[in-house]
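The values are calculated or read from the model by the stated rules, or taken from the named source; none is laboratory data. Bear in mind the structure is a predicted one, so any value in this text is a computation, not a measurement. Glycine gets a Cβ as well: all are built from the backbone with ideal geometry, and neighbour counts include every protein chain shown. Note: accessible area is taken over every heavy atom of the protein model, side chains too, but ligands, DNA and RNA are not part of it. Shrake-Rupley method; radii C 1.70, N 1.55, O 1.52, S 1.80 Å.
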Amino acid sequence: RAKELGTARHEVFVEGMDTQAVERWQLETDLRAGLQNQEFQLYYQPIISLKTGKIAGFEALVRWVSNKRGFVSPGDFIPLAEETGLIVPLGQWILQEACQQIQRWHEQFPEIVPLIMSVNLSGRQFTQPDLVKQIQKILDEVNIEGDRLKLEITESMMMNDVETAIDLLRRLKGLGLRLSIDDFGTGYSSLSYLHRFPVDTLKVDRSFVGRMEEGSDSEKYIQIVRTIISLGHNLDLDVIAEGIETEAQVRVLESLNCEYGQGYYFSKPLSAKDAEELLNQDKEW
Ligand code: C2E
Ligand code: MG
Ligand code: MG
Ligand code: MG
């Protein structure tokens, strides 16, 4: 077929497109099967209070262990799940699973108060008309208070239609939920709106944290992180620094009065079992 269309060059181009489309279609098929076969798991990365050195909560991070493909990282399937709409049932499952987990840990470790579960919300989920109702239903079914659950959204999700987004965030706050802005500083920035977003937390993107010590620009990155932290504090928000990998980064962040930290220095994302083990140890950093 492609041959009939013209030059050899054209043929390569058309075949390339085919391959891409087929690969995409296969990934989509596998994603659907994966949902059916329950190939998804949640991992949990601890979020540490830099004041006490103790676990303050976890961020739930989805993992796909495909029968066919093995481990597929979220960076490779979340965008497609988003495009195809599969993120909606997947995201529903993620919320439910994360809420059930925090409920179990709350019962097992009542002395760690309040242990909070953060869950990433995708753009597509954010525009589902019944999002608030769905979350309300999950909270009721799992029987947890809304303030145990924190949703992570990004600036870009807010900026499509700011007024509608603010209204949605207000309704989510109405359920008692906590809200974070994830990857702060990397999105389509919105300083003129930030003070109107009813959020509780800013998460400093790991690209800033990671550059605080290396290279000739490190001093500049420390200043950028300092500025984000001050901005958060001026707006009465807590700040979480993401992607902390070294003790030196912890020291700098402490000196900048950053409340919370998350990253490989403390712990990689863990299976529920391993996370529970950490809670059992009452680990302190
Ligand atoms: P994110 O929400 O910003 O999550 C943080 C990512 O940084 C995670 O990657 C985590 O494993 C990684 N990370 C944590 N500490 C460190 C560190 O010290 N160094 C480095 N280099 N990386 C660190 P992960 O799990 O691969 O997830 C990537 C992204 O995929 C997430 O970024 C989030 O945008 C998306 N994602 C993951 N799970 C979910 C989910 O359940 N739902 C949705 N909608 N998106 C998800
Ligand atoms: Mg996140
Ligand atoms: Mg992030
Ligand atoms: Mg990120």
Practice problem: Out of the residues in the range 157-190 that are farther than 17 Å from D147 by Cα and in contact (Cβ under 8 Å) with a residue 40 or more places away in the chain, state the one that is nearest to ligand 2 (Cβ to nearest atom). | Solution: D182
Quiz item: Do we find that P79 is within 16 Å of ligand 2 (Cβ to nearest atom) and open to solvent by 40 Å² or more (accessible area, probe 1.4 Å) in this structure?
Solution: yes
Self-check item: Residue satisfying all of: in the range 33-63; more than 10 Å from ligand 1 (Cβ to nearest atom) and among the charged types (D, E, K, R); surrounded by the most Cβ atoms within 10 Å (Cβ to Cβ) among these
Solution: E39
Exercise. Can you tell me which residue within the range 176-188, out of those that are more than 12 Å from ligand 3 (Cβ to nearest atom) and surrounded by fewer than 16 Cβ atoms within 10 Å (Cβ to Cβ), is farthest from Y265 (Cα to Cα)?
Key: G176
Quiz item: Do we find a residue being part of a loop (DSSP other than H, G, I, E, B) and at pLDDT 95 or above anywhere in the range 65-80?
Solution: no
Self-check item: Members of the range 239-259 that are open to solvent by 60 Å² or more (accessible area, probe 1.4 Å) and either under 21 Å from Q45 (Cα atoms) or at pLDDT below 95 (or both)
Solution: E245, E247, R251, E254
Exercise. Would you point out the residue of the range 97-121, among those that are at pLDDT 95 or above and of a type outside the set (A, V, I, L, M, F, W, C), that is most open to solvent (accessible area, probe 1.4 Å)?
Key: R104
Quiz item: Taking M159 and the conditions (1) more than 16 Å from ligand 3 (Cβ to nearest atom); (2) on the phi > 0 side of the Ramachandran plot, which numbered condition does it fall short on, given that it satisfies the others?
Solution: (2)
Quiz item: Residues E28, E23, E39: which one is more than 30 Å from N257 (Cβ to Cβ) and at pLDDT 95 or above?
Solution: E39
Quiz item: Within the range 138-152, which residues are without any contact (Cβ under 8 Å) to a residue 40 or more places away in the chain and within 16 Å of ligand 4 (Cβ to nearest atom)?
Solution: L151
Exercise. Tell me which residues, restricted to the range 189-231, are buried (at least 17 other Cβ atoms within 10 Å of the Cβ), basic (K, R) and away from ligand 3 (no atom under 16 Å from the Cβ).
Key: R226
Self-check item: Residue that is surrounded by the most Cβ atoms within 10 Å (Cβ to Cβ), among those in the range 166-175 that are of a type in the set (A, V, I, L, M) and within 24 Å of G57 (Cβ to Cβ)
Solution: L172
Quiz item: Does Y264 qualify as being of a type in the set (S, T, Y), under 16 Å from the mean Cα position of the chain (by Cα), open to solvent by 30 Å² or more (accessible area, probe 1.4 Å) and closer than 20 Å to I181 by Cα?
Solution: no
Exercise. Could you tell me which numbered condition L131 fails, if it satisfies all but one of (1) open to solvent by 20 Å² or more (accessible area, probe 1.4 Å); (2) at pLDDT 95 or above; (3) of a type outside the set (D, E); (4) farther than 30 Å from L256 by Cα?
Key: (1)
Exercise. Being within 16 Å of ligand 2 (Cβ to nearest atom) and of a type in the set (D, E, K, R) is the filter here, so list the residues in the range 204-253 that pass it.
Key: D205, R206, D238, E242
